[in-house]
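Remarks on the structure that follows.
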Amino acid sequence: MNNLIQSTMEFVRSELENEGSGHDWWHIHRVTKTARRIAEKEGADLLICTMAALLHDLADEKLNETEEAGVKRVTDWLDQIKVTGNQREQILTIIQSISFKGGHGPTLNSLEAKVVQDADRLDAIGAIGIARCFTYAGSKGNIIHDPETIPREGMSLEEYRKRDGTAINHFYEKLLRLKDLMKTNTGYEMAKQRHQFMEHYLEEFFDEWSSIK
């Protein structure tokens, strides 16, 4: 087990160390640590949660030409390190099902998928989540805020993929929704304080914005 994890950590770090949109190695590191913490408390398979957390962004369509190319990237690695067929299936199922996708993600059928999804979403909220939100917006050329642009509701998957809104609107389109979308009790409890911090941040942001004459 340790050899699989260590090899995968080194591989993912080499692939994502200099990624500049907030999906870098340290994001993976945090999500993996959080996934292991939740897995231990919820009684999930620690190896599967760890491997899926380490590999989840390698398959993300944001970091690949296509979603299929991303899945192949992970599949090739799993074949290379010779995980069992069952492990391979579980890991691939998790990483293909946990993305937010504008609220259009599939129903999760395993505790391990719920654990990894919660860990990934926890890294999208709170102080670190705020930093990542602005990092991602900057990487895509999106502005911080436009008071004339209102947050979008009921976006289709295609609209969500375009990511052509503002950083502040992303809080309302996704980040403030995540606390109540947590799938484990542990994840939900961890999300409460981070959610509250984002609310306080937005209050301060709009106070400062409105004070500028």
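The values are calculated or read from the model by the stated rules, or taken from the named source; none is laboratory data. It should be emphasised that the depicted structure is a prediction, and the values quoted were computed from it without experimental measurement. Note: ideal-geometry Cβ built from the backbone for every residue, glycine included; neighbour counts use all protein chains shown. Just so you know, the surface numbers come from the protein's heavy atoms only, side chains and all, with ligands and any DNA or RNA stripped out. Shrake-Rupley method; radii C 1.70, N 1.55, O 1.52, S 1.80 Å.
Sorted largest first, the principal axis extents computed over the alpha-carbon atoms of the chain equal 62, 36, 29 Å. Taking all Cα pairs closer than 8 Å and separated by 6 or more residues, the relative contact order of the stretch 21-81 comes to 23 percent.
Taking only protein heavy atoms into account and a 1.4 Å probe, give the accessible area per residue of the chain in Å².
Per-residue accessible area for the chain comes out at 52 Å².
Projecting the Cα atoms of Asn3, Val71, Leu16 onto the dipole axis of the chain, where Lys and Arg carry +1 and Asp and Glu carry -1 at the beta carbon, places Asn3 farthest toward the positive end. Summed over all non-identical Cα pairs, the Kirkwood treatment of the stretch 36-106 gives a radius of 12.7 Å.
Phe134 sits with roughly 60 Å² accessible to a 1.4 Å probe, with DNA, RNA and ligands left out of the calculation.
Just so you know, the averaged projected area of the alpha carbon convex hull for the stretch 1-52 sits at 3.5 nm².
For the chain, with all protein chains in place and a probe radius of 1.4 Å, 48% of the accessible heavy-atom surface sits on carbon or sulfur.
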